[in-house]
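Undergrad: First the structure, which I've put down as structure tokens, then a few questions once you've had a look.
The values are calculated or read from the model by the stated rules, or taken from the named source; none is laboratory data. Quick caveat, the model's predicted, so the values are computed rather than measured. Note: ideal-geometry Cβ built from the backbone for every residue, glycine included; neighbour counts use all protein chains shown. Side chains are part of the model used for accessible areas, which takes the heavy atoms of the whole protein and leaves out ligands, DNA and RNA. Shrake-Rupley method; radii C 1.70, N 1.55, O 1.52, S 1.80 Å.
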Amino acid sequence: MIMSQGITKTASIIIAVIIIIAVVGGIAYYYYTSKQAVSKPIIVGATLSLTGKYGRTGEWYKLGYELWADQVNKKGGLLGRPVKLIIYDDQSDPTTAANLYEKLITVDKADLLLGPYSSAIVFAVSSVTEKYHKVMVEGGGNALKIFSRGYKYIFLTLPGLAENITKGLFDFIKSLPPDKRPKTVAIINANDLFPIAIANGAENYVKKLGLKLVLHEVYPKEIKDLTPLLTKVKALNPDVLIGGTYFPDAVLVVKALKQLNWRPKIVFLTVGPAMPEFWETLGEDANGIMGESWWEPTAPWKGVKEFIKAFKEKYGKDPDYHAACGYAAGQVLEAAVKAVGSLDQAKLAEWIRTHTIETVVGPLKYTEAGYPTLGPLLIQWQNGKRVIVAPKDAATGEAIYPLSPTWG
């Protein structure tokens with residue numbers, strides 16, 4: 001009996017020790033795995049046009065994305081986890097971009113997605129992101145066609161649609177005394193989704209204002225010389241020339257106009273004039289050229305001054321609106337993740353759609369389709385500076401109008 005009690009006590013001690021070891025081990029494992037889960041980075045994926053036709057513009061978005069990620073990580077990351085950017089070069093090709101977003105989602109297991117550049121590429125990849133129900137915030141594609149498919153997971157940071165880009169221009173024309181207004185308009189545009197949308201919108205404004213459209217012609221998006229087309233335009237002598245352009249063809253337009261020694265009263269081009277490289281490439285030939293800008297360093301939005309300072313410190317130059325829209329895309333994702341407290345894609349999409357989000361491109365309030373409605377600024381190059389000439393409440397100078405009809 002005494003021996004039996006001794007064995008029972010020994011067994012009890014052994015069992016107790018085993019339980020203690022198991023509990024301690026379990027706690028240690030819990031804390032280890034929890035720490036691993038917390039420290040595992042949140043992967044934010046994107047493609048950008050780092051080579052090809054849009055390579056120069058795509059680089060601006062990359063700078064904006066990287067600055068945002070750096071700042072988020074300095075503040076402790078998202079949900080207590082560091083942000084890791086994965087950016088692939090889509091070579092300015094929609095098919096390549098779509099395949100790379102498949103890779104980002106299925107192979108890289110990206111938690112969040114930022115968008116590519118250009119409406120044609122955004123149109124292609126958004127079908128992929130929608131298929132997987134993955135939120136994508138982008139500042140590079142704003143053709144209405146992108147947002148007319150009932151998609152729930154794509155959101156734009158450019159403050160308006162491509163079809164409305166020329167609104168500021170036509171508001172300016174409308175503000176002129178009737179006897180000073182231009183009467184005839186010619187429209188040329190690259191054969192690509194974004195420029196086509198610009199041209200279609202401009203045609204509608206021409207009709208609304210009762211102006212005469214003397215020509216609307218589409219040119220190949222990879223064109224190298226616009227002199228023959230602009231010779232044709234010159235023969236019609238319109239008061240206004242509108243170009244649905246990217247940076248390369250915007251430069252080609254100006255060079256061709258100078259070669260022909262002719263300028264209409266207004267020359268309005270898209271994308272190119274909003275970029276610092278426009279003046280760097282053309283010098284004084286850029287004087288007087290108008291364009292749209294979705295953001296300017298003088299814009300009164302929250303965080304703009306801090307963004308410019310940080311950008312200059314990191315890259316040694318001022319940002320343009322492409323960089324600002326890229327940075328703003330990160331801001332939208334950041335705000336949504338912090339508000340929702342998780343990476344649940346459906347909850348993130350619903351929160352973005354139903355809240356006004358403060359960004360460096362302005363307070364973004366989204367339509368059901370996923371685009372905001374702020375609208376662009378009308379800018380004009382004057383002596384090496386981009387001057388906001390409309391709307392009046394944002395203007396930093398008066399427009400040069402009309403332009404001299406010849407170069408000299």
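Undergrad: Quick one: count up the residues across region 87-137 that are touching a residue at least 60 places away in the same chain (Cβ under 8 Å) and either among the acidic types (Asp, Glu) or in a loop (DSSP other than H, G, I, E, B) (or both).
TA: 11
Undergrad: Further question: Are there any pairs, at least 6 apart or on different chains, whose C-beta atoms fall under 7 Å, with the first in region 182-199 and touching a residue at least 24 places away in the same chain (Cβ under 8 Å) and closer than 11 Å to Val218 by Cα and the second charged (D, E, K, R) and buried (at least 23 other Cβ atoms within 10 Å of the Cβ), and if so, which?
TA: Ala190/Asp249
Undergrad: Across region 377-400, which residue is most open to solvent (accessible area, probe 1.4 Å) among those that are touching a Gly at 6+ places or on another chain (Cβ under 6 Å) and either in contact (Cβ under 8 Å) with a residue 40 or more places away in the chain or at positive phi (or both)? Walk me through how you get there before you give the answer.
TA: Step one: filter region 377-400 for residues touching a Gly at 6+ places or on another chain (Cβ under 6 Å), giving 378-379, 387, 390, 400.
So of that shortlist, the ones also either in contact (Cβ under 8 Å) with a residue 40 or more places away in the chain or at positive phi (or both) come out as 378-379, 390, 400.
Values: Leu378: 2, Ile379: 1, Ala390: 15, Ile400: 74 Å².
Across region 377-400, the extreme among qualifying residues is Ile400.
Undergrad: Looking at region 316-341, which of its residues are closer than 21 Å to Phe247 by Cα and open to solvent by 30 Å² or more (accessible area, probe 1.4 Å)? Working first, answer last.
TA: First, pick out the residues of region 316-341 that are closer than 21 Å to Phe247 by Cα: 317-327.
Scanning region 316-341 gives Lys317, Asp318.
Undergrad: Same structure, new question: Which count do you get for residues in region 148-175 that are surrounded by fewer than 16 Cβ atoms within 10 Å (Cβ to Cβ) and either among the small types (Gly, Ala, Ser) or within 30 Å of Lys134 (Cβ to Cβ) (or both)?
TA: Step one: list which residues in region 148-175 are surrounded by fewer than 16 Cβ atoms within 10 Å (Cβ to Cβ), which gives 148-150, 174-175.
Now narrow it down to the ones that are either among the small types (Gly, Ala, Ser) or within 30 Å of Lys134 (Cβ to Cβ) (or both): 148-150, 175.
Matching residues across region 148-175 total 4.
Undergrad: Would you point out which residue out of Ala235, Ala250 is of a type in the set (A, V, I, L, M), exposed (fewer than 15 other Cβ atoms within 10 Å of the Cβ), in a helix (DSSP H, G or I) and at pLDDT 95 or above? I'd like the intermediate steps shown before the answer.
TA: On the way: Ala250 fails: exposed (fewer than 15 other Cβ atoms within 10 Å of the Cβ).
Selected residue: Ala235, the only one of Ala235, Ala250 that is of a type in the set (A, V, I, L, M), exposed (fewer than 15 other Cβ atoms within 10 Å of the Cβ), in a helix (DSSP H, G or I) and at pLDDT 95 or above.
Undergrad: Taking Leu378 as the residue in question, decide whether it is outside any helix (DSSP H, G or I), aliphatic (A, V, I, L, M), more than 17 Å from the chain's Cα centre (by Cα) and more than 29 Å from Ala250 (Cβ to Cβ).
TA: Numbers: outside any helix (DSSP H, G or I): yes; aliphatic (A, V, I, L, M): yes; more than 17 Å from the chain's Cα centre (by Cα): yes; more than 29 Å from Ala250 (Cβ to Cβ): no.
Answer is no for this residue.
Undergrad: On the given criteria, is Pro178 more than 11 Å from Gly244 (Cα to Cα), within 25 Å of the chain's Cα centre (by Cα) and open to solvent by 10 Å² or more (accessible area, probe 1.4 Å)? I'd like the intermediate steps shown before the answer.
TA: On the way: more than 11 Å from Gly244 (Cα to Cα): yes; within 25 Å of the chain's Cα centre (by Cα): no; open to solvent by 10 Å² or more (accessible area, probe 1.4 Å): yes.
Considered against the rule, which asks whether it is more than 11 Å from Gly244 (Cα to Cα), within 25 Å of the chain's Cα centre (by Cα) and open to solvent by 10 Å² or more (accessible area, probe 1.4 Å), Pro178 comes out as no.
Undergrad: Keeping to region 130-159, report how many residues are in contact with a Gly (Cβ under 6 Å, 6 or more places away or on another chain) and over 12 Å from Tyr366 (Cα atoms).
TA: So the answer is 4.
Undergrad: State whether the residues of region 276-289 include one that is under 17 Å from the mean Cα position of the chain (by Cα) and modelled with pLDDT under 95. Working first, answer last.
TA: Within region 276-289, the first condition is being under 17 Å from the mean Cα position of the chain (by Cα), and the residues that meet it are 276.
Still in the running and modelled with pLDDT under 95: 276.
Among the residues of region 276-289, at least one is under 17 Å from the mean Cα position of the chain (by Cα) and modelled with pLDDT under 95, which makes the answer yes.
Undergrad: Could you say whether any residue in region 256-268 is aliphatic (A, V, I, L, M), more than 26 Å from Pro402 (Cβ to Cβ) and touching a Pro at 6+ places or on another chain (Cβ under 9 Å)?
TA: Taking region 256-268 and keeping what is aliphatic (A, V, I, L, M), we get 256-257, 260, 266-267.
With the extra rule that they be more than 26 Å from Pro402 (Cβ to Cβ), the set shrinks to none.
So far as region 256-268 goes, no, none of its residues is aliphatic (A, V, I, L, M), more than 26 Å from Pro402 (Cβ to Cβ) and touching a Pro at 6+ places or on another chain (Cβ under 9 Å).
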